[in-house]
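Participant: Handing you a structure now.
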Amino acid sequence: MSFATSINCMDGRVQLPVINWMKDTYGVEYIDMVTEAGPNKVLLEGSAGQLEEIKKKVLVSTEKHGSGTITIAGHHDCAGNPADRSQKEKEIKRAVELIETWDLGAEVVGLYVNENWEVEVVTE
């Protein structure tokens, strides 16, 4: 079994696009989802407790499932983070930098799901 991890919005419209893109791109069978309303904003502006909860869940994926890739996804029309695309992309890039400081031994990639529910890489 092979796993990857996505810190993704709880919005149901973005789940399958991100899952399918990650399976196709990384050739993994399973995607562990860590969901929040507006996860990039939560990572950057949430409480220490919120951040710790996200990190704990990601650690389960990397340590127990051997996930070697972590994505952080933002998307068009997000109720939890109603910023424009430009702002979201900046937040996604900053969130990637934050997650990289966790030293999880995994590649961290920022994704944006556009108005057509297509996944675009905003960092690599």
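Participant: Considering each of 67, 61, 6 in turn, give the residue that is under 12 Å from the mean Cα position of the chain (by Cα) and surrounded by 14 or more Cβ atoms within 10 Å (Cβ to Cβ). Full working, then the answer.
Facilitator: Values: 67 fails: under 12 Å from the mean Cα position of the chain (by Cα); 61 fails: under 12 Å from the mean Cα position of the chain (by Cα).
Just one listed residue meets the conditions, 6.
Participant: Counting only residues that are farther than 18 Å from residue 80 by Cα and polar (S, T, N, Q), how many does region 8-28 have?
Facilitator: We begin by selecting, within region 8-28, every residue farther than 18 Å from residue 80 by Cα; these are 16-17, 19-28.
So of that shortlist, the ones also polar (S, T, N, Q) come out as 20, 25.
Count: 2.
Participant: Then there's this: In region 1-53, how many residues are farther than 22 Å from residue 76 by Cα and assigned to a helix (DSSP H, G or I)?
Facilitator: 7
Participant: Just the residues that are basic (Lys, Arg) and surrounded by fewer than 19 Cβ atoms within 10 Å (Cβ to Cβ), please, taken from region 70-108. If you could, list the steps in order and put the result at the bottom.
Facilitator: Keep residues of region 70-108 that are basic (Lys, Arg), which gives 85, 88, 90, 93-94.
Answer for region 70-108, where residues must be basic (Lys, Arg) and surrounded by fewer than 19 Cβ atoms within 10 Å (Cβ to Cβ): 85, 90, 93, 94.
Participant: How about region 83-121: which of its residues are assigned to a loop (DSSP other than H, G, I, E, B) and in contact (Cβ under 8 Å) with a residue 40 or more places away in the chain? Show your work before the answer.
Facilitator: Within region 83-121, the subset assigned to a loop (DSSP other than H, G, I, E, B) is 83-84, 101-106, 114-118.
Result: 83, 102, 104, 105, 106, 117, 118.
Participant: Go through region 1-35 and count every residue that is in contact with a helix residue (DSSP H, G or I) (Cβ under 9 Å, 6 or more places away or on another chain) and of a type in the set (Phe, Trp, Tyr). Show your work before the answer.
Facilitator: Within region 1-35, the subset in contact with a helix residue (DSSP H, G or I) (Cβ under 9 Å, 6 or more places away or on another chain) is 2-10, 28-35.
Now drop any that are not of a type in the set (Phe, Trp, Tyr), which leaves 3, 30.
Summing the residues that are in contact with a helix residue (DSSP H, G or I) (Cβ under 9 Å, 6 or more places away or on another chain) and of a type in the set (Phe, Trp, Tyr) in region 1-35 gives 2.
Participant: Take the residues in region 90-116 that are under 22 Å from residue 78 (Cα atoms) and of a type in the set (Asp, Glu), then tell me which one is farthest from the chain's Cα centre (by Cα).
Facilitator: Let us first name the residues in region 90-116 that are under 22 Å from residue 78 (Cα atoms), namely 90-99, 108-116.
Okay, now just the ones that are also of a type in the set (Asp, Glu), so 91, 97, 115.
Values: 91: 12, 97: 12, 115: 17 Å.
This residue is 115.
Participant: Condition test on residue 65, is it under 21 Å from residue 15 (Cβ atoms) and in contact with a Pro (Cβ under 9 Å, 6 or more places away or on another chain)?
Facilitator: Details: under 21 Å from residue 15 (Cβ atoms): yes; in contact with a Pro (Cβ under 9 Å, 6 or more places away or on another chain): no.
Against the criterion (under 21 Å from residue 15 (Cβ atoms) and in contact with a Pro (Cβ under 9 Å, 6 or more places away or on another chain)), residue 65 does not qualify.
Participant: Further question: Do we have residue 51 as hydrophobic (A, V, I, L, M, F, W, C) and more than 20 Å from residue 122 (Cβ to Cβ) here? Walk me through it before giving the result.
Facilitator: Values: hydrophobic (A, V, I, L, M, F, W, C): yes; more than 20 Å from residue 122 (Cβ to Cβ): yes.
Here the answer is yes, as residue 51 does meet what is asked.
Values in this text are rule-based calculations from the coordinates and carry no lab data. Computed from a predicted model, the values in this text were never measured in an experiment. Every residue, glycine among them, receives a Cβ derived from its backbone with ideal geometry; neighbour counts consider all protein chains shown.
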